[in-house]
Protein chains: 2
Amino acid sequence: MELKKPYLLFLGDAADALAAKVAQGIKTWRPEYCVGQFRLESCNADCDLPDMSISDAVAAGAKTLVIGVANRGGIISDEWINVLVEALEAGMDIASGLHNKLTDIPALVTCAEKQECALFDVRYPTQAYPVATGKKRTGKRLLTVGTDCSVGKMYTSLAIEKEMRDRGMNTDFRATGQTGILISGEGVSADCVVSDFISGAIETISPANSPDHWDVIEGQGSLFHASFAGVTTGLIHGSQADALVLCHEPTRQHMRGLPDYALPDVDVCMAANLATARLTNPNAQFVGVSINTSGLDEQAALSYMAALEEQLGLPVVDPFRQGVGRIVEKLVACS
Amino acid sequence: MELKKPYLLFLGDAADALAAKVAQGIKTWRPEYCVGQFRLESCNADCDLPDMSISDAVAAGAKTLVIGVANRGGIISDEWINVLVEALEAGMDIASGLHNKLTDIPALVTCAEKQECALFDVRYPTQAYPVATGKKRTGKRLLTVGTDCSVGKMYTSLAIEKEMRDRGMNTDFRATGQTGILISGEGVSADCVVSDFISGAIETISPANSPDHWDVIEGQGSLFHASFAGVTTGLIHGSQADALVLCHEPTRQHMRGLPDYALPDVDVCMAANLATARLTNPNAQFVGVSINTSGLDEQAALSYMAALEEQLGLPVVDPFRQGVGRIVEKLVACS
């Protein structure tokens with residue numbers, strides 16, 4: 001699966017900026033893929049791209065309409081469908097990371113077949129992955145891991161990829177979730193793979209490469225999340241990570257969705273991830289920690305990070321506030 | 001999914017006893033479910049059950065024909081299909097744990113629909129499982145874990161269930177693989193569940209129960225298996241095990257299917273399993289070790305087990321040679 005570029009970002013009737021965070025992510029990390037945005041009258045989000053009709057977008061070269069907005073109440077409305085049909089009729093593919101599948105909507109399926117256009121439900125794997133072999137692959141790999149879900153693993157991974165590219169390093173972001181797939185145009189939604197094949201799927205999306213090449217693999221879940229640690233374990237083993245970066249949100253009160261589960265201590269979490277990673281790569285090591293300090297004021301954030309850096313002896317940064325340059329410097333020094 | 005009993009075991013054209021090990025497992029652990037066996041002319045296996053034609057079996061009350069034999073080269077032959085169609089026409093359901101699905105064979109699907117009989121491909125989940133909640137459930141749970149795949153987790157679990165029942169304890173075996181499902185008539189094939197839902201599936205098959213009730217949950221894979229540890233992790237978390245039993249095969253040269261991976265030390269493996277289990281049940285503890293000593297002569301086996309028992313301070317038994325009575329005694333003493 002590889003999405004055709006460039007994209008028209010569909011913001012639909014987004015209630016606010018947060019509802020369109022997928023579109024914003026694509027605009028932030030892959031502005032060169034975006035020719036414009038499509039907004040319905042009631043849209044309250046804005047990705048700072050030219051507003052375009054479907055015909056404007058096609059004239060501007062758009063090949064794929066990407067749904068960059070969450071659907072309210074899980075319903076794909078008739079108003080949306082009318083726009084999607086118009087896009088197909090104009091010859092565009094459509095890509096979506098929603099739970100509801102485009103391929104379950106007869107009007108879209110019929111139109112896509114007629115137009116020979118593709119409907120990509122990127123959350124749902126369409127290829128069969130092999131069982132992991134555990135065999136060492138050439139090239140290098142960095143994996144983000146977390147104390148919890150939704151602590152900034154995708155953001156950190158994309159920031160590291162950008163920093164490495166800016167320094168002229170040979171690197172590719174490898175997406176393991178639907179937003180990452182829509183941003184980069186390829187990848188696998190790890191938590192939707194049949195569990196026998198999680199590690200095999202990750203081996204597949206980060207294949208053998210040239211010795212100087214780095215895959216920057218987006219992590220998922222947490223070894224300490226009672227619902228999703230199986231996904232995380234398979235992902236760590238399949239990645240054969242040389243370098244790990246821990247992501248953490250220090251103000252979170254409990255594990256996401258699990259009110260009875262406290263977050264692990266950062267050092268305990270790092271030790272568990274390292275032990276797991278070393279099964280398939282005995283040389284795995286941490287090269288930094290990424291903190292989402294959005295819940296702290298600047299002084300509290302700086303104090304927190306300074307204390308953690310002192311404790312761990314590793315670069316501790318908020319990618320959003322300070323960038324990830326120091327993590328990449330550590331990575332270069334270690335490898 | 002729950003299979004209707006009793007069963008007619010289909011041994012087909014089994015080349016040898018090993019090819020019919022699923023049927024033998026059902027006969028060993030659930031003889032009361034088995035009215036007879038069906039063998040083709042070239043069959044070289046025998047489960048020591050009355051040989052029956054389809055009409056004999058129906059007359060004897062058989063409700064489900066269970067495929068208890070591996071299909072050669074992954075092919076379901078015409079000779080098999082003729083028998084399966086005859087069974088459906090006589091009103092029986094069919095259950096199979098093969099990779100190839102019964103429901104992919106048009107002749108069977110058509111006939112099953114006409115007869116209103118069911119085709120159970122037990123390897124493939126047909127229900128949607130929820131995301132795990134991690135919430136503590138009433139009742140007690142024992143889980144078998146392993147240093148590797150195929151070291152006796154199902155056998156040990158069934159032996160423990162039988163021993164507990166023989167002592168009048170309130171217990172149920174919970175199957176997590178296709179053979180266990182065919183033996184017990186229900187369960188989930190954990191490695192075929194979408195990875196987001198592994199732990200949730202295990203929570204579902206071992207629900208809240210009376211305080212004196214024990215689920216004996218069949219483990220899968222190993223935390224130290226580079227291909228399947230994600231499945232194992234999710235299974236451990238979903239089980240919320242109070243009691244763990246480690247299964248091990250001491251003569252194995254490397255992890256199954258992975259020539260470059262050595263088996264973990266027993267104590268290292270136990271520590272990792274305990275740390276993982278304690279995320280969802282802080283009181284988890286080991287109550288014994290089950291050794292498959294089939295590769296050792298009796299004296300070597302006894303010496304090996306005695307040394308390990310001395311090292312670990314836990315009952316170490318081969319269920320096949322000594323039974324699991326001492327493990328159950330330890331379980332009772334601990335709980």
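Laboratory data are not the source of any read-out in this text; all were calculated from the coordinates shown. Computed from a predicted structure; not experimentally measured. FYI the Cβ positions are ideal-geometry reconstructions off the backbone, even for glycines, and counts take in every protein chain you see.
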For n ≥ 4 DSSP H runs only, could you compute -39500 (n - 2.57) per run for chain A, divide by its residues and tell me the 222 nm figure to the nearest 500? -10500 deg cm²/dmol
Amide H neighbours of B:Phe173 under 5 Å, at least 5 residues apart or on other chains, H built in the peptide plane: list them. B:Val216
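So which GluC sites (Glu not before Pro) in the stretch A:139-226 pass both tests, a DSSP loop state and at most 12 other Cβ atoms within 10 Å of the Cβ?
Answer by residue number: there is no such site.
Considering only DSSP states other than H, G, I, E and B, which GluC sites (Glu not before Pro) in the stretch B:2-74 qualify as loop sites with at most 12 other Cβ atoms within 10 Å?
Values: sites: B:Glu2, B:Glu32, B:Glu41; in loops: B:Glu2, B:Glu41.
Loop-located and lightly packed - B:Glu2, B:Glu41.
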Among B:Gly313, B:Gly73, B:Gly323, whose mean-square fluctuation peaks in a Gaussian network model of chain B (Cα, cutoff 10 Å)? B:Gly73
Once every Cα of the stretch B:140-334 carries one equal point scatterer and solvent is ignored, give the base-10 log of I(q)/I(0) from the Debye formula at q = 0.14 Å⁻¹, two decimals. -0.73
Which residues in the stretch B:242-262 place their backbone N less than 18 Å from a point set 7 Å from the Cα of B:Ser303 along the Cα-to-Cβ direction? B:250-252
Where in chain A are the helices, taken as whole DSSP H runs, whose Cα atoms extend 18 angstrom or more along the long axis and whose Kyte-Doolittle mean reaches at least 0.5? A:266-280
For the B:Lys135, A:Val268 Cβ pair and Förster radius 25 Å, calculated FRET efficiency rounded to 0.05 is 0.65
Quote the FRET efficiency, to the nearest 0.05, computed for A:Arg278 versus B:Ala59 with a Förster distance R0 of 51 Å and r equal to the Cβ-Cβ distance. 0.25
Using Cα springs under 10 Å in a Gaussian network model of chain B, which residue among B:Thr133, B:Thr176, B:Thr276 shows the largest mean-square fluctuation? B:Thr133
Give the calculated FRET efficiency between A:Thr204 and A:Glu329 to the nearest 0.05, with a Förster radius of 25 Å applied to their Cβ-Cβ distance. 0.25
Need the C-alpha centroid separation for the stretch A:255-328 versus the stretch B:193-254, integer Å. 29 Å
Roughly what would the spin-label model give for B:Thr110 and A:Leu312, points 7 Å off Cα along C-beta, in nm? 6.3 nm
So which lysines can B:Lys162 reach, going by Cα to Cα under 22 Å and dropping same-chain residues fewer than 8 places off? B:Lys4, B:Lys5, B:Lys21, B:Lys27, B:Lys140, B:Lys153, B:Lys330
Order these by the 10 Å Cβ neighbour count, fewest first: B:Met92, B:Met270, B:Met169. B:Met169, B:Met270, B:Met92
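Quick one, can you get me the convex hull of the C-alpha atoms of the stretch B:7-121 expressed as volume per residue in Å³? List each step's numbers first, then the result.
Numbers: hull volume 10.2 nm³, N = 115.
In the stretch B:7-121, the Cα convex hull volume per residue is 89 Å³.
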Treating cross-link reach as a plain straight distance, find the aspartates and glutamates whose alpha-carbon is under 13 Å from the alpha-carbon of B:Lys136, omitting any fewer than eight places away in the same chain. A:Asp260, B:Glu203, B:Asp242
Any idea which of A:Val289, A:Gln220, A:Thr204 is furthest toward the positive side of the dipole for the stretch A:140-334, if Lys and Arg beta-carbons carry +1 and Asp and Glu beta-carbons -1? A:Thr204
So, for the Cα atoms of the protein assembly as shown, Rg and Dmax in Å stand at 27.3, 83
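If neighbour count is taken as other Cβ atoms inside 10 Å, put B:Ser77, B:Ser189 in order from fewest to most.
By the 10 Å Cβ count, ascending, the order reads B:Ser77, B:Ser189.
Tell me the trypsin sites (Lys or Arg not before Pro) within the stretch B:265-335 that lie in a loop according to DSSP and have at most 16 other beta-carbon atoms within 10 Å. Don't jump to the answer; show the numbers that get you there.
Details: sites: B:Arg278, B:Arg321, B:Arg326, B:Lys330; in loops: B:Arg278.
Of the trypsin sites (Lys or Arg not before Pro), the ones in loops of the stretch B:265-335 whose Cβ has at most 16 other Cβ atoms within 10 Å are B:Arg278.
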Find how many whole Å separate the alpha carbon centroid of the stretch A:18-44 from the alpha carbon centroid of the stretch B:39-106. 56 Å
